[in-house]
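Beneath this line is the structure, given in structure tokens, with notes to follow.
The values are calculated or read from the model by the stated rules, or taken from the named source; none is laboratory data. Bear in mind the structure is a predicted one, so any value in this text is a computation, not a measurement. Methodologically, a virtual Cβ is constructed for each residue, glycine included, from the backbone with ideal geometry; neighbour enumeration extends over all protein chains shown. All accessible areas refer to the heavy atoms of the entire protein, side chains included, with ligands and DNA or RNA removed. Shrake-Rupley method; radii C 1.70, N 1.55, O 1.52, S 1.80 Å.
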Amino acid sequence: MSQRLYNFSAGPATMPLPVLERAAAAFVEYRDSGVGIAEVSHRGKEFTAVREEAEARCRSLMGVPDDYAVLFLQGGATQQFELLAMNLLKTRADYLDTGQWAAKAIEGATRYGAVRVLASSKASNYCELPDFTVDAGADYLHLCSNNTIFGTRFATFPEHPCLIADMSSEIMGRVIDVSRFGMIYAGAQKNLGPAGVVMVIIRKDLLEQVPSDIAPIFSYAKHAAADSCLNTPPTFGIAVLLETFRWLEEQGGIAAMEARNTAKAELLYQAIDGSDGYYRGTVTDTANRSHMNVTFVLPNEDLTKVFISGAAERGMVALKGYRSVGGIRASIYNAMPSEGVAALVGYMAQFKMANAAS
Ligand SMILES: Cc1ncc(COP(=O)(O)O)c(C=O)c1O
């Protein structure tokens, strides 16, 4: 194999090499069975074992309490923007508008009932988290825990009887207390595995409130009752998730991963903050800077282009910022090794030295 690049893509994103290798082997042949894991029935013993083990390891890694269901579904996080409102919005739901994905969740929910934007930081191009006061009377409070595009995260979470979080870009990257949430959902393609699987963790009492007249395929209650096999689930993707969960355990679990992620993010933020303004972080709310997506700008567009192409020549790819922010976005999910961040920081110092006006 040619040398692997340091891939800073925001998603689909880099995966750990052992996960890719083990998943590739299972794709060709699952445990000496003579068939690959994507070639067997989703109701057969091979895949059932994979799904059950994936759920058990997810529960153990995240400390998911027994009164929560863990679902592996299709449709991505975007489909959950609709489904969660379809299933759980009764009178009025509150939303925090902290970025493009949070805004899309709001747009999705408005199709199903009364939605209030409790607070928004849109006016400042989402460079901070807004101030807000929680209203416990809302059916639920929805937030996007890590804003992939704008580089903010909720360092701490508000209290609400039914807090719902889109954790697509930081799931299993930090320790969270699941019991503080009504529901958590995450598309897999950043921290868990390939695109095509979305993981939903939902408190079981909420399942009892799901209206019975919605189509079964859109009902969390029906998916939970069928152990995520209401129809054919994304079997291969779930098998990859299982490998990721095993790998996370080998790494010491989520607390160890969080410590590593914090160190990686600090290294990068120090390089930005210590550059005498050559690199400028786009997030002003430094207490809530993302540990997964680090966003910064260079003095101008031309230098940004040179920086990106020079990085690619050095084996560091997918660093271009999202168009509404510009500059650079370094996505440093669980699978990005510390060496990748160290290489980037080294290049940043070198680039500044070569290009800063003297
Ligand atoms: C925080 C967040 N939510 C939702 C999405 C959309 O996910 P999907 O494409 O799986 O629907 C993304 C994708 O990048 C994301 O970063």
Within region 274-290, work out how many residues are among the β-branched types (Val, Ile, Thr), under 21 Å from the mean Cα position of the chain (by Cα) and not in a helix (DSSP H, G or I). 2
Which helices (runs of 4 or more DSSP H) sit wholly inside region 1-91 and have at least 1 residues that are open to solvent by 40 Å² or more (accessible area, probe 1.4 Å), among the polar types (S, T, N, Q) and within 16 Å of the ligand (Cβ to nearest atom)? 76-88
Every residue in region 141-188 that is crowded, with 24+ Cβ neighbours inside 10 Å and away from the ligand (no atom under 16 Å from the Cβ), please. Leu141
Failed item, numbered, when Thr304 is tested on (1) among the β-branched types (Val, Ile, Thr); (2) more than 24 Å from Phe157 (Cβ to Cβ); (3) not in a helix (DSSP H, G or I): (3)
Within region 198-221, is even one residue assigned by TED's automatic domain parsing to the domain that holds Asp139, aromatic (Phe, Trp, Tyr) and buried (at least 22 other Cβ atoms within 10 Å of the Cβ)? yes
Please tell me if Glu128 is away from the ligand (no atom under 11 Å from the Cβ) and at pLDDT 95 or above. yes
Might you check whether a residue that is surrounded by 18 or more Cβ atoms within 10 Å (Cβ to Cβ), in a helix (DSSP H, G or I) and touching a Phe, Trp or Tyr at 6+ places or on another chain (Cβ under 8 Å) occurs anywhere in region 310-321? yes
Could you run through region 92-110 and say how many residues are over 21 Å from the mean Cα position of the chain (by Cα) and either within 16 Å of the ligand (Cβ to nearest atom) or under 16 Å from Ala165 (Cα atoms) (or both)? 2
Any residue at all in region 62-80 that is over 18 Å from Ile201 (Cβ atoms), touching a residue at least 12 places away in the same chain (Cβ under 8 Å) and aliphatic (A, V, I, L, M)? no
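Can you go through Ala343, Ala335 and tell me which one is surrounded by 16 or more Cβ atoms within 10 Å (Cβ to Cβ) and part of a helix (DSSP H, G or I)?
Ala343
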Answer yes or no as to whether Ala311 is assigned by TED's automatic domain parsing to the domain that holds Asn300, in contact with a helix residue (DSSP H, G or I) (Cβ under 8 Å, 6 or more places away or on another chain) and closer than 16 Å to Arg280 by Cβ. no
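Given the criterion more than 25 Å from Lys190 (Cβ to Cβ), touching a residue at least 12 places away in the same chain (Cβ under 8 Å) and assigned to a helix (DSSP H, G or I), identify the matching residue among Ala221, Ala265, Ala271. Show your work before the answer.
Values: Ala265 fails: more than 25 Å from Lys190 (Cβ to Cβ); Ala271 fails: more than 25 Å from Lys190 (Cβ to Cβ).
Result of the check over Ala221, Ala265, Ala271: Ala221.
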